[in-house]
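Participant: Pasting a structure here, questions to come.
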Amino acid sequence: MHEQFRCPLRSPTPRGVHHLALCTDDMKATIDFYVDVLGMPLVHAMKVPPGLGTGSGNRGNPPYEQVRHYFFDMGNDSLLAFFEIPKGQEPSGNRNAIGAMQHCAFVVTAERFREVEARLASRRIDYIGPIQQLPGLLGIYFYDPNGIRLEFACQPDDGEAPAVIPRVMQTRAEARSELASLPGVTPEWIEKRLATLPD
């Protein structure tokens, strides 16, 4: 093992999410939902260049040529993207399948939380919540037109500046017993994983 990987990082490597890339078979319905209901502006509309779907240049794109690939501003300098898969070419996803996305949670201020809940209700879109997820953290759950489960998460006490990591950060003692329940771990492995948590 390289020496540089022996010690856990003290801060995360990424700055945050650049974009999430999801799939749809109806880009218009997806645009209407994300722009009109969730308030995420469309910022880029393109077709994937020829040769990147089924050609030798494919770098993991869906295996179809010149599919639409649109991007929405999801806030805080991050993007939500959708590929439009040709209708009938792929099955609907199982959000609980291994390797699938179970749900996508967006952080919002208390004001935006109330706005989105009102938009969902006014359009008769079913949702669950608000539910307390953790102390000081509320969530509402709903589905987009593609069957993707979404959550809007709100920390009302944080006002206009939600602090996500401090809200969920555990102490070493709080996380230790849960990590110990994993099969095949050693005390040394556990302590190494706890190194960045506070005492």
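The values are calculated or read from the model by the stated rules, or taken from the named source; none is laboratory data. All of these numbers come straight from a predicted model, not from anything done at the bench. Note that each Cβ is placed from the backbone with ideal geometry, even for glycine, and that neighbours are counted across all protein chains shown. When the accessible area is computed, the model is the full protein with side chains, heavy atoms only, and any ligands, DNA or RNA have been set aside. Shrake-Rupley method; radii C 1.70, N 1.55, O 1.52, S 1.80 Å.
Participant: Considering only the stretch 42-74, state which residues are closer than 17 Å to residue 27 by Cα and either of a type in the set (Val, Ile, Thr) or in contact (Cβ under 8 Å) with a residue 60 or more places away in the chain (or both).
Facilitator: Passing the criteria: 43, 48, 67.
Participant: Which of the residues that make up the stretch 57-114 are more than 14 Å from the chain's Cα centre (by Cα), more than 30 Å from residue 157 (Cα to Cα) and of a type in the set (D, E, K, R)?
Facilitator: Answer for the stretch 57-114, where residues must be more than 14 Å from the chain's Cα centre (by Cα), more than 30 Å from residue 157 (Cα to Cα) and of a type in the set (D, E, K, R): 59, 65, 68, 84, 87, 90.
Participant: Moving to a separate point now. Is there any pair linking a residue in the stretch 154-166 that is under 9 Å from residue 107 (Cα atoms) to one that is among the hydrophobic types (A, V, I, L, M, F, W, C) and part of a helix (DSSP H, G or I), with Cβ under 6 Å and at least six apart or on different chains, and which?
Facilitator: Filtered contacts from the stretch 154-166: 154/110; 154/113.
Participant: What about residue 124, is it assigned to a loop (DSSP other than H, G, I, E, B) and either open to solvent by 40 Å² or more (accessible area, probe 1.4 Å) or among the aromatic types (Phe, Trp, Tyr) (or both)?
Facilitator: In short, yes.
Participant: I've got another one for you. So which pairs qualify, if the first residue must be in the stretch 93-113 and under 30 Å from residue 161 (Cβ atoms), the second must be of a type in the set (Gly, Ala, Ser), the Cβ gap must be under 6 Å, and the two must be at least 6 apart or on different chains?
Facilitator: Qualifying pairs under 6 Å: 105/153; 107/153.
Participant: Can I ask one more? Hey, which of the strands (runs of 3 or more DSSP E) in the stretch 15-95, taking only ones fully inside, have at least 1 residues that are open to solvent by 50 Å² or more (accessible area, probe 1.4 Å), in contact with a Lys or Arg (Cβ under 9 Å, 6 or more places away or on another chain) and among the small types (Gly, Ala, Ser)?
Facilitator: It comes to 42-47.
Participant: If I filter the stretch 148-171 for residues that are modelled with pLDDT of 95 or more, open to solvent by 60 Å² or more (accessible area, probe 1.4 Å) and part of a loop (DSSP other than H, G, I, E, B), do I get at least one hit?
Facilitator: no
Participant: On to the next question. Report yes if residue 33 is touching a Leu at 6+ places or on another chain (Cβ under 7 Å) and modelled with pLDDT of 95 or more, otherwise no.
Facilitator: Values: touching a Leu at 6+ places or on another chain (Cβ under 7 Å): no; modelled with pLDDT of 95 or more: yes.
For residue 33, the condition - touching a Leu at 6+ places or on another chain (Cβ under 7 Å) and modelled with pLDDT of 95 or more - is not met.
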